[in-house]
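Contents: one structure, followed by commentary.
The values are calculated or read from the model by the stated rules, or taken from the named source; none is laboratory data. Just so we're clear, the structure is a prediction, and the values are computed from it rather than from any experiment. Virtual Cβ from ideal backbone geometry, glycine too; neighbours counted across all protein chains shown.
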Amino acid sequence: MQTLRHTVDDGIELVADVGGEPGAPCVVLMHGGGQTRFSWQGAAQELVSAGYRVINFDARGHGDSAWAGPGGYSLARNARDLKHLLADVPGKVVLVGASLGGATALRAMADGMHPAAVVLVDIVPRPDPHGVQRIRDFMLAKPDGFESIDEVADAIAAYNPYRPRPTDATGLMRNLRVRADGRLRWHWDPAFLGREIPVELAELHETLEGARAAGNVPVLLIRGGSSDVVSEAGVDELRLVLPQLEVFAVPNAGHMVAGDRNDVFNQGMLAFLARHFPARVSRP
């Protein structure tokens, strides 16, 4: 994978890993809020091996991309970033978005983007507010950071019982930054969570217009079988505007589906792509 930097129209620099053959069918990976592009590492490798071109980028305020500060984060702004990032990519692309990334894909369609297909990962326009609150509580629980990587691992294990506690700190450190006092903080801009939940949920519900705009675009919802964010009611509402919606449930996975059961997630995603956006080469 090659790491590239791209400055969007308001001056924010986005960082992306790009891999696969130029000209191959392109898949864009968009992580969830509070995550970084490294959450897609396994999926990106599988996609490249399957013959796809992959663009895997850090959203503004996350990972190695620049921070926008207070007022600089909205789905509309993220959708503009996506459009700007893909301006020189030939042909249609598939958008794969987890949580915030999936909401960005829906908003981008509402704003006129026409992808070849979309994979929404554990996100619907009306998520369960209790699950959303639990995510926010986790993200805001340690405003002064963590004393050690073990403390970080303990916090993640308490929030997400579906994922084994990591034995290697390397992956965790990619989601953290070291402060001057030696404490560890998440690798995202605290201003990203500056808005109230009702405001964010209202903005998210507006992405139903993106689903309506999808028309005949193939859309797959990959949901965690034990997710507290995507409910049956949320799926039913999405299906009302997307009658062709496909749903793939990953057992023993929570909201962080790709991280909880990466093997099963990849199988579901690749099978969908093979039907609707096949690569030009066959897997060995």
Qualifying position, being in contact with a strand residue (DSSP E or B) (Cβ under 8 Å, 6 or more places away or on another chain) and outside any strand (DSSP E or B), among Val199, Val247, Val229, Val217: Val217
Would you confirm whether any residue within the stretch 53-71 is in contact (Cβ under 8 Å) with a residue 24 or more places away in the chain, touching a strand residue (DSSP E or B) at 6+ places or on another chain (Cβ under 8 Å), basic (Lys, Arg) and not in a loop (DSSP other than H, G, I, E, B)? yes
Checking the conditions here, which among Arg136, Arg165, Arg126 is touching a helix residue (DSSP H, G or I) at 6+ places or on another chain (Cβ under 7 Å), of a type outside the set (A, V, I, L, M), at pLDDT 85 or above and surrounded by fewer than 17 Cβ atoms within 10 Å (Cβ to Cβ)? Arg136
When the residues of the stretch 255-270 are filtered to those that are touching an Asp or Glu at 6+ places or on another chain (Cβ under 6 Å) and in a helix (DSSP H, G or I), which remaining residue is surrounded by the most Cβ atoms within 10 Å (Cβ to Cβ)? Val257
Whichever residue in the stretch 22-54 is under 22 Å from Ala103 (Cα atoms) and of a type in the set (Phe, Trp, Tyr) and, among such residues, is surrounded by the fewest Cβ atoms within 10 Å (Cβ to Cβ): Phe38
Please count how many residues of the stretch 139-150 are in contact (Cβ under 8 Å) with a residue 12 or more places away in the chain and loosely packed, with under 15 Cβ neighbours inside 10 Å. 6
